[in-house]
Amino acid sequence: MIQVSHITKIYDGQRALDDVSFSAQKGEVVGLLGPNGAGKSTLMKILTCFIPPTEGEATICGHSIYEDSLAVRREIGYLPEHNPLYTDMYVREFLRFAAGVYGMKHCRDRVEEMIELVGLTPESNKRIGQLSKGYRQRVGLAQALIHNPKVLILDEPTTGLDPNQLEEIRSVIKNAGKDKVVLLSTHIMQEVEAMCSRAIIINHGRIVSDDHLEHITSQQLTQKFHQVTAS
C-alpha cells in the first residue's frame, strides 16, 4: 500500500533523503527510527504530497504522488510533527470540520466514536486552545483517523503525552495497524518496541537497517540504533 522507489530530496545542495526505497503493506506498523535531522519528516511530507521529491517515485494504494495527489490524500490520515489545530474551535466542532473536509456526511456518530477511541471524553466540551499538549495530540490523532484511511502517517505521534496517556495512544495506534498500514516516526527506541511490527532505521537521509521485529531482538535493534546515532 506504500511503495517508495529511489526517493531523493535535495535542499540547497544537501541531500535530506538519498535514494530511499521500501514498501509497506496492510497490517504493518512501521517505525521510522532515527536521530533528529535524519530525514524522517521530509519523507513523510513527500508521501503526503506536501513537498515533491527531487528524484524518485512513490505510490500510496496504487496512486502516484505525482499523477494523482488528490487520490493519495484521500487514502491517508496524517498527523504532522507540529500538530496544526484551530485552537479557537471546540473539540467536536473541529472534528466535524475535519470530517467535512473529507466529504463525510452525517458524521456525528463517527466524531463521538473518535472522541472515545483516543480518550478525549473528559475534555470534549472544551476549546482546543484550553487543552494540554497531550490532549491536543489526541485531537490530532482523532482527525487523522476520522475518515477511516487505509494509510496512517504519524510524525512523532506521542510527543507531549504523560505515561498514562502514552499507554492509551500506543494501544490505539497498534490496533489501527491491524487493518491499515501505519508509518510512524520517532527517535525513541521504546516507541518502536511498544507499537511497531517493523523498524526502518534512517540516518543522514539513507536507510541503514530494515528489520521485522519478530526477526530481531530488542538488544540487537538497540545496538543498531546506537551504532547509527554514534556515526
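Residue by residue, here is whether (1) among the hydrophobic types (A, V, I, L, M, F, W, C); (2) modelled with pLDDT of 95 or more holds:
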| residue | (1), (2) |
| --- | --- |
| 23 | no, yes |
| 27 | no, no |
| 36 | no, no |
| 44 | yes, yes |
| 47 | yes, yes |
| 57 | no, yes |
| 63 | no, yes |
| 73 | no, no |
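When segment 191-231 is filtered for residues that are surrounded by fewer than 14 Cβ atoms within 10 Å (Cβ to Cβ) and either under 23 Å from residue 150 (Cα atoms) or within 16 Å of the chain's Cα centre (by Cα) (or both), the ones remaining, listed by number, are 210, 212. With a requirement of 2 or more residues that are free of Cβ contacts under 8 Å to residues at least 24 places away in the same chain and under 30 Å from residue 15 (Cα atoms), the strands (runs of 3 or more DSSP E) lying completely within segment 167-231 that satisfy it span 206-212. Enumerate the pairs (first residue in segment 47-64 and at positive phi; second residue anywhere and surrounded by 20 or more Cβ atoms within 10 Å (Cβ to Cβ) and in a loop (DSSP other than H, G, I, E, B)) with beta-carbon separation below 8 Å, excluding pairs fewer than 6 apart on the same chain, so at least 6 apart or on different chains. Partner pairs satisfying both residue conditions: 49/65. All of 86, 90 fail the test of being more than 21 Å from the chain's Cα centre (by Cα) and of a type in the set (Phe, Trp, Tyr), apart from 90. Only one of the numbered conditions (1) under 20 Å from residue 45 (Cα atoms); (2) surrounded by 16 or more Cβ atoms within 10 Å (Cβ to Cβ); (3) aromatic (Phe, Trp, Tyr) is violated by residue 102, and that is (2).
If you go through segment 111-152 and keep only what is more than 21 Å from the chain's Cα centre (by Cα) and not aliphatic (A, V, I, L, M), you end up with 112, 121, 122, 123, 124, 125, 126, 127, 129, 130. Among the residues of segment 51-70, those that are within 19 Å of residue 102 (Cβ to Cβ), out of contact with any helix residue (DSSP H, G or I) (no Cβ under 7 Å at 6 or more places or on another chain) and surrounded by 14 or more Cβ atoms within 10 Å (Cβ to Cβ) comprise 68, 69.
Checked against (1) over 23 Å from residue 47 (Cα atoms); (2) part of a loop (DSSP other than H, G, I, E, B); (3) in contact (Cβ under 8 Å) with a residue 40 or more places away in the chain, residue 95 passes all but condition (2). From the list 140, 119, 160, exactly one residue is part of a helix (DSSP H, G or I), within 21 Å of residue 84 (Cα to Cα) and either touching a strand residue (DSSP E or B) at 6+ places or on another chain (Cβ under 9 Å) or touching a residue at least 24 places away in the same chain (Cβ under 8 Å) (or both). Which is it? On inspection, the qualifying residue turns out to be 140. Summed over segment 24-43, residues that are surrounded by fewer than 22 Cβ atoms within 10 Å (Cβ to Cβ) and farther than 19 Å from residue 12 by Cβ total 6.
The values are calculated or read from the model by the stated rules, or taken from the named source; none is laboratory data. Being a predicted model, the structure only gives us computed values, none of them experimental. Cβ sites come from the backbone with ideal geometry, for glycine too, and all protein chains shown count toward neighbours.
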